[in-house]
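Engineer: I'd like to ask you about the structure that follows.
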Amino acid sequence: MNPSAIRAVILGGGGHARVLIDTMLLNRMTPVGILDIDPKRVGESVLGVPILGNDDLLPELARQGATHFAVGLGSVGDVRPRQQVFARGLASGLAPLTVIHPTAIVSSYTEIRDGVQIFAGAIINAGAQIGANVIVNTAAIVEHDCMVEDHVHLATGAKLCGAVRVGQGVHIGAGATVLQGITIGANATVGLGAVVVKDVKPDVVVAGVPARPLRNSHES
């Protein structure tokens, strides 16, 4: 589809949405409105895009000509809210929007699924596979032959060396590095600045240099 024909609803209106909208506009895509759970925000705008209401408006916006949805939520450790919002977007019948910043470098020899967001200065090299609803945030690096499953968030400046495997629902914190050939189990969290030198089990939080287990994911 011609980017100028894309009319996308943004689901969530926080700081992540601001970066997403900026990237969309650089690609000549049209954000038609933002849906947010906070009723007090109706009538506000983000980069000139109005907050219209909550997700109940999705069917009406589809009837009015919206073609796509994009998840405007980021994540800090817990990516489950993004997964839930993505599922609501799919249920609306709108198509998930993939957005790539013009300054990102993405090899033509990669596989990128629907709803992926790749931001400024990110690099994805040959042979990488990126699952649905993944964020590759500003200046993050995904090296050759990595496999990143659905709903993962690679935060700003995170680095995956060659042939890393990242399970579904993982959050990798800002500036973290995962060495080559490592596997990160589903729903794990890698703390900011960590250096991962051993495989990480599912549902575990690791942090430090080298990274060590702290607790199970989603525990307070």
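Every read-out reported here was derived from the displayed coordinates using simple, explicitly stated rules and does not represent laboratory data. Given the structure is predicted, the values throughout are model-derived calculations rather than measurements. Please note: Cβ atoms are built from the backbone with ideal geometry, for glycine as well, and neighbour counts cover all protein chains shown.
Engineer: Going by C-beta contacts inside 10 Å, put 23, 183 in order with the fewest on the left.
Structural biologist: By the 10 Å Cβ count, ascending: 183, 23.
Engineer: Still on this structure, please answer the following. Could I get the Rg over Rh figure for the range 3-96? Both from C-alpha atoms, Rh via Kirkwood, rounded to two places.
Structural biologist: 0.93
Engineer: Moving on to the next point. What ranking do 144, 151, 101 get, fewest neighbouring Cβ atoms within 10 angstrom at the top?
Structural biologist: Sorted ascending by nearby Cβ count, the order is 144, 101, 151.
Engineer: Still on this structure: Taking the chain as the region of interest, what is the percent of Cα-Cα pairs per 5 angstrom bin, listed from the shortest bin to the one with the maximum distance?
Structural biologist: 1, 8, 16, 20, 18, 15, 11, 7, 4, 1, 0
Engineer: So, one more: If Rh is defined by the Kirkwood formula over all Cα pairs and Rg also comes from Cα, what ratio Rg/Rh do you get for the range 100-212?
Structural biologist: We get a ratio of 0.93 for the range 100-212.
Engineer: Taking the number of other C-beta atoms within 10 Å as the exposure measure, put 214, 58 in order starting with the fewest.
Structural biologist: 214, 58
Engineer: Rounded, prolate or oblate: which one fits the range 1-40, using the alpha carbon gyration tensor with axes a ≥ b ≥ c (rounded when a/c is under 1.5, else prolate when a/b beats b/c, else oblate)? Before the final figure, lay out the partial values.
Structural biologist: Values: a/c = 3.81, a/b = 1.83, b/c = 2.08.
Note, shape of the range 1-40 comes out oblate.
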